Amino acid sequence: MKKISILGSTGSIGTQTLDVIAMHPEAFEVEGLAAGSNTALLLEQVRRFKPRRVSVSTKALAEEIKSSLPAGVELFSGSEGLIEIAAGGEAHTVVTAVVGSVGLQSTLAAIEAGRHIGLANKETLVTAGHLVTELAGRKGVQLLPVDSEHSAIFQCLNGENREDIASITLTASGGSFRDYSRDELQNVTVEDALRHPNWSMGAKITIDSATMVNKGLEVIEAHWLFGLPYEQIHVLLHPESIIHSYVEFRDSSIIAQLGTPDMRVPIQYALTYPQRWASPAKRLSLAEAGRLTFREMDYVRFPALKLAIECGKAGGTSTTAFNAANEMAVARFLRHEIPFLRIEEIIEDVLQRHELVAYPNLEQIEQCDRLTRELAAKL
């Protein structure tokens, strides 16, 4: 019986992780659940999956739900609560499904405690990839990718010699506005942006998909996960989201991973690796899919992707600043404070003012994150 803790249990990845666990009750046990403010859903999850440890975002929310928890359940709150769920208890694997850089400290704590990581929080590697990968290597902890693209690359590399890799290619759906021109983006709404054509994701990730920031974060994450230089990491527009990513080897062979767009497949593989179990996902019929299409990435149309890659190459706190500026800009867009195209402009404005720290420690990363958010909130 493998014990699992989930950071972000009420979000899109968290709920789908629990779907996978529910399908294999003989194999998994929920050790801990950390949620934000959706206490109604969290209490449903507690009743169904019976975790030993639970956390919510604030002390006030913890007080609200305390009397509704079964006897014996430990209750925590805030950032300390995230760390308790990540590093305390007896979990074998921690699924990091919180959105944003808030997941960094809890992920580091989980690694320090020797937990294997089902990594759905890409911002962890974006903001502190050098710290996370170094600690994981030292502790003998596996970083098992949950993102569909990184899971695809991970699967394609099984049994392969890393020296034989010529390049990896992350595919991108293009998001809600993939067929819009720059002029057509002037007046798009929050509601327009949240209508992703292929995937069921949370609001922030759906907006990131529309700006292509999400793919930029994934390029940076791939750099750290697979130890490849940015020159060997490519992006290709693939509207159908059937080929999730692929690897080209030096003999010109290409190995790709295909499947229907269903996040439960990579989530389950991270939990069961190296085994493959029956999945709730719909099986792929290439005959039904009919045609798969591809387009070269247009970095003029998607300037945020180009900015992300440039920050990755610059290294240091550049990627922290990029991520923090984007998180703040997306939050402002979702609150209807700024138009859609202003997200990219805020990121660029912030980066022009950023002072790079080449090899930051955790304190410097957190300071960069805080100062960047303050600046992005004012612009």
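Observations on the structure shown:
- Each principal axis of the Cα atoms in region 224-335 has its own extent, and those three values, largest first, are 42, 41, 31 angstrom.
- Averaging 1/r over every pair of different alpha carbons in region 133-224 and inverting the result gives a Kirkwood radius of 15.3 Å.
- Region 291-325: chymotrypsin sites (Phe, Trp or Tyr not before Pro) falling in loop per DSSP and having at most 14 other Cβ within 10 Å: PHE294, TYR299
- Area accessible to solvent at HIS92, 1.4 Å probe radius, in Å²: 80 Å²
- Within the shell of other residues whose beta carbon sits under 10 angstrom from the beta carbon of ALA91, the net charge comes to +2, with Lys and Arg scored +1 and Asp and Glu -1.
- Apportionment of accessible area to carbon and sulfur, the chain, percent (1.4 Å): 49 percent
- Taking all protein chains as they are arranged and a probe of 1.4 Å, the heavy atoms of TRP277 leave approximately 90 Å² accessible to solvent.
- Note: relative contact order over region 168-253, using C-alpha pairs below 8 Å and six or more positions apart, is 51 percent.
- Overall form of region 271-342 per C-alpha gyration tensor (a/c, 1.5; a/b vs b/c): prolate
- Each Cα pair under 8 Å and six or more residues apart adds its sequence gap; the mean of these over the residue count of the chain is a relative contact order of 15 percent.
- Distance histogram in 10 Å bins (all Cα pairs of region 165-280, percent per bin): 12, 37, 36, 13, 2
- Surface/4 estimate of mean projected area, convex hull on alpha-carbon atoms of region 45-165, nm²: 8.7 nm²
- The peptide list 24-30, 266-272, 40-46, put in order of mean Cβ contacts within 10 Å with the highest first, becomes 266-272, 40-46, 24-30.
- Using the Cα coordinates of region 234-289, the gyration tensor eigenvalues translate into equivalent-ellipsoid semi-axes of 21, 17, 11 Å, sorted from longest to shortest.
- The radius of gyration of the Cα set in region 103-156, together with its Dmax, comes out at 10.6, 30 angstrom.
- The listed residues TYR273, TYR359, TYR230, once ranked by accessible area (1.4 Å probe) with the largest placed first, stand as TYR359, TYR273, TYR230.
- Candidates ALA325, PRO266, PHE249 compared by Cα position along the dipole of region 224-379: farthest toward the positive end lies PRO266, with charges placed on Cβ.
- Normalised per residue, the volume of the convex hull around the Cα set of region 1-92 (Å³): 81 Å³
- Farthest towards the positive end of the charge dipole of the chain, among the residues ALA193, LEU236, GLN367, is the Cα of ALA193, using unit charges on the Cβ of Lys, Arg, Asp and Glu.
- Residue among GLY78, GLY137, GLY14 with the largest mean-square fluctuation in a Gaussian network model of the chain, springs linking Cα atoms under 10 Å: GLY137
- Estimated dipole of the chain in Debye, rounded to 20 [Cβ of Lys and Arg +1, of Asp and Glu -1, Cα centre]: 780 debye
- Rounded is the label for the chain, because a/c, from the alpha-carbon gyration tensor with a ≥ b ≥ c as root eigenvalues, stays below 1.5.
- Solvent-accessible heavy-atom area per residue, rounded to whole Å², over region 1-142 at 1.4 Å: 39 Å²
The values are calculated or read from the model by the stated rules, or taken from the named source; none is laboratory data. A quick note: this is a predicted structure, and the numbers were derived from the prediction, not measured. As a convention, Cβ positions derive from the backbone with ideal geometry for all residues, glycine included, and neighbour counts pool all protein chains shown. Just the protein is used for accessible areas: all its heavy atoms, side chains included, with ligands, DNA and RNA removed. Shrake-Rupley method; radii C 1.70, N 1.55, O 1.52, S 1.80 Å.
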